[in-house]
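Asks: Dropping a structure here in C-alpha cells format, bear with me for questions.
The values are calculated or read from the model by the stated rules, or taken from the named source; none is laboratory data. Keep in mind that what you see is a predicted model, and the values were worked out from it rather than measured. Please note: Cβ atoms are built from the backbone with ideal geometry, for glycine as well, and neighbour counts cover all protein chains shown.
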Amino acid sequence: MEYITSTLSNLLHQTAFFNLTFGNLIMILVAFVFLFLAIKKGFEPLLLVPISFGMLLVNIYPDIMMSIEESSNGVGGLLHYFYLLDEWSILPSLIFMGVGAMTDFGPLIANPSSFLLGAAAQFGIYAAYFLAIFMGFNDKAAAAISIIGGADGPTSIFLAGKLGQTGLMGPIAVAAYSYMALVPIIQPPIMKLFTTEEERKIKMEQLRPVSKLEKILFPIVVTVVVCLILPTTAPLVGMLMLGNLFRESGVVERLSDTAQNALCNIVTIMLGTTVGATADGEIFLRPQTIAIIVMGLIAFCFSTVGGVLLGKLLCHLTGGKINPLIGSAGVSAVPMAARVSQTVGSKENPTNFLLMHAMGPNVAGVIGSAVAAGFFMLIFG
C-alpha cells in the first residue's frame, strides 16, 4: 500500500501543476490574450498563433527549451534545436527570402520618394539606441534592442545573434514580433494625432506602370550597391533580393513558389514558436526585460511619428499630392503597416485607395532596417 501511495504521489508531483510559478501563470495568461487577438480579432494570426503557442508550451513545460548542456542525458528540448537556427541567423535570412519572393517592389520603383519615407520611419531605431544607452545597456546590447523600433522581428534576431547578445534575443524577438502583430492597434491613434482630417482625405494619383526590365534589374542593383557599401547586410539584403529575383525573373517559378509558400510557412512556424518559447515566466518577467519591451514600444511610436511627419513635409512640398498617412507604413512590418494606412485613409474617404502607395515606404522600410542592422554590425561587429 505504501508503494502505491508513494508511486501516486510521485506521479502527482511530476505534473506541471506543482512546478508552475507566478511568472509562468502570468505568461500563460499573456499567451491566451495573444491567441484571442490572433484567432478572434484576426491580428496577424500567422505570427501571433505560433508565438503565443510557443509561449504557452514553455511556461507549462520549460524543458522543451532545455539546452544540451543543461540536459542530464545530453539531449536538448525540441524547441532548443529550432532556437539554434535563430542564433545562427539561418531562419531570419530564410524569412527574408520568403518576404522578397512575396513582395512587389513596383510601388517603390514607381515612386522613389518612398525611400525617404522608409528612411524616416527608421528614426525609432536610432532613438531606441540612445535610449538604451541612457538606461545603462552597453553599445552592442543597445544596438540589438534598437531594431525593435523598426518592428522588424527577423532583423532583430539576426542582429542580436551577430552581436553576441543571445541572452537578450528572447525579449527582443518577442517585443519586435508582438509590435509587428499589434500594428493595427498602435499606429492609428498616432497617425490621427499628427495629421488633419483634410490630409487624411487626400487622394493620390495612380502610380506609373513599371516595366518588367525595371523589376528584374531592381534586386540586382540593390544587392550590388547596398552590399558594396555595407557588406554586413549581405545575408539579409541578399536573401531578400534573391527571393524577389525568383519572383520577377519569370524563369524559376518553382523556386519562387517554394520560397513564397512552403519554405516561408515552415520557417514561420519554427521561428514564431521559438520566439514565443523564449518567454519563460521565470526569466522573462525581469526589470531588464520589461525595460526592453517598453523601449521597443517607445521606439516603434517614434518610427511611426518620423514617417508621418516626413509625409506631412512631402505633402506640403508637393502641393498636397502625397497623403501623409503612407509615411507610417515605412516601418518594416510588411504588409501590415501598409494595410493600416489604407484602413485609416478609407475611414476618412471611402473612395481612397492608399494600399499600393503605402507599399512603397513599407518595402523601403524592410531595406532600411536591414541597412541599419548592417551599420551597427560594421561599427560593433
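Asks: Got a sec? Which of Thr232, Thr258 is closer than 24 Å to Ala372 by Cα and among the β-branched types (Val, Ile, Thr)?
Replies: It is Thr232.
Asks: Name the one entry in Ser328, Ser346 that is over 27 Å from Ala128 (Cα atoms) and assigned to a helix (DSSP H, G or I).
Replies: Within the list Ser328, Ser346, the selection yields Ser346.
Asks: Val33 fails exactly one of the following numbered conditions: (1) farther than 27 Å from Ala337 by Cα; (2) at pLDDT 90 or above. What is the number of that condition?
Replies: Here Val33 clears every test but (1).
Asks: Between a residue in the range 83-105 that is over 11 Å from Leu271 (Cβ atoms) and any residue that is of a type in the set (Val, Ile, Thr) and surrounded by fewer than 23 Cβ atoms within 10 Å (Cβ to Cβ), which pairs come within a Cβ distance under 6 Å, given they are 6 or more apart or on different chains?
Replies: Pairs that qualify, where the first residue is over 11 Å from Leu271 (Cβ atoms) and the partner is of a type in the set (Val, Ile, Thr) and surrounded by fewer than 23 Cβ atoms within 10 Å (Cβ to Cβ), are Glu87/Thr166.
Asks: In the range 28-51, how many are surrounded by fewer than 14 Cβ atoms within 10 Å (Cβ to Cβ) and not in a helix (DSSP H, G or I)?
Replies: 3
Asks: Check off (1) within 23 Å of the chain's Cα centre (by Cα); (2) loosely packed, with under 15 Cβ neighbours inside 10 Å for Met191 and give me the number that stays unchecked.
Replies: Result: Met191 passes all but (2).
Asks: Can you pull out every residue in the range 299-341 that is touching a Phe, Trp or Tyr at 6+ places or on another chain (Cβ under 7 Å) and of a type in the set (S, T, N, Q)?
Replies: Ser303
Asks: For the range 206-244, which positions are free of Cβ contacts under 8 Å to residues at least 24 places away in the same chain and hydroxyl-bearing (Ser, Thr, Tyr)?
Replies: Those that are free of Cβ contacts under 8 Å to residues at least 24 places away in the same chain and hydroxyl-bearing (Ser, Thr, Tyr): Ser211, Thr223.
Asks: Now, a different point. Find the residue count for the range 53-78, including only residues that are under 13 Å from Ile269 (Cβ atoms) and surrounded by 22 or more Cβ atoms within 10 Å (Cβ to Cβ).
Replies: Count: 1.
Asks: Could you list, in sequence order, all residues of the range 229-262 that are closer than 30 Å to Gly381 by Cα and hydroxyl-bearing (Ser, Thr, Tyr)?
Replies: Matches in the range 229-262: Thr232, Thr233.
Residues are listed down the side, and each one gets a yes or a no for (1) of a type outside the set (S, T, N, Q); (2) under 17 Å from the mean Cα position of the chain (by Cα):
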| position | (1), (2) |
| --- | --- |
| Pro62 | yes, no |
| Asn73 | no, no |
| Ile95 | yes, yes |
| Val99 | yes, yes |
| Ala121 | yes, yes |
| Phe137 | yes, no |
| Ala141 | yes, no |
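Asks: Identify, by number, the condition in (1) loosely packed, with under 14 Cβ neighbours inside 10 Å; (2) closer than 16 Å to Gly153 by Cα; (3) not acidic (Asp, Glu) that Leu25 doesn't meet.
Replies: (2)
Asks: Now for a different question. Among the residues of the range 12-19, are any assigned to a helix (DSSP H, G or I) and closer than 30 Å to Val183 by Cα?
Replies: Among the residues of the range 12-19, not one is assigned to a helix (DSSP H, G or I) and closer than 30 Å to Val183 by Cα, which makes the answer no.
Asks: Okay, next question. Output the helices (runs of 4 or more DSSP H) that fall wholly within the range 203-286 and possess 2 or more residues being modelled with pLDDT of 95 or more, or say none.
Replies: Correct list: 212-229, 234-249, 253-260, 262-277.
Asks: Sticking with this structure for a sec: Just a yes or no: is a residue in the range 308-324 of a type in the set (Lys, Arg), touching a residue at least 12 places away in the same chain (Cβ under 8 Å) and either part of a helix (DSSP H, G or I) or on the phi < 0 side of the Ramachandran plot (or both)?
Replies: yes
Asks: Quick check on the range 207-244: of everything there that is surrounded by 21 or more Cβ atoms within 10 Å (Cβ to Cβ) and of a type in the set (A, V, I, L, M), which residue is farthest from the chain's Cα centre (by Cα)?
Replies: Checking each candidate, the answer is Val226.
Asks: Kindly indicate whether Gly250 is more than 30 Å from Tyr83 (Cβ to Cβ) and in contact (Cβ under 8 Å) with a residue 12 or more places away in the chain.
Replies: When the stated conditions are applied, Gly250 passes them.
Asks: What helices (runs of 4 or more DSSP H) completely inside the range 101-186 contain at least 2 residues that are closer than 28 Å to Gly54 by Cα?
Replies: In the range 101-186, 123-134, 139-146, 153-162, 166-181 are the helices (runs of 4 or more DSSP H) which contain 2 or more residues that are closer than 28 Å to Gly54 by Cα.
For every residue, the table says whether it meets (1) touching a Leu at 6+ places or on another chain (Cβ under 8 Å); (2) more than 15 Å from Ala119 (Cβ to Cβ); (3) surrounded by fewer than 24 Cβ atoms within 10 Å (Cβ to Cβ); (4) of a type in the set (Ser, Thr, Tyr).
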position	(1), (2), (3), (4)
Lys312	no, yes, yes, no
Cys315	no, yes, yes, no
Ser328	no, no, no, yes
Ala333	no, yes, no, no
Thr351	no, yes, yes, yes
Leu355	no, yes, yes, no
Val363	yes, no, no, no
Ile367	yes, no, yes, no
Ala373	yes, no, no, no
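Asks: Then there's this: Run down Met180, Met204 and say which single residue is buried (at least 24 other Cβ atoms within 10 Å of the Cβ), of a type outside the set (S, T, N, Q) and closer than 17 Å to Ala329 by Cα.
Replies: Met180
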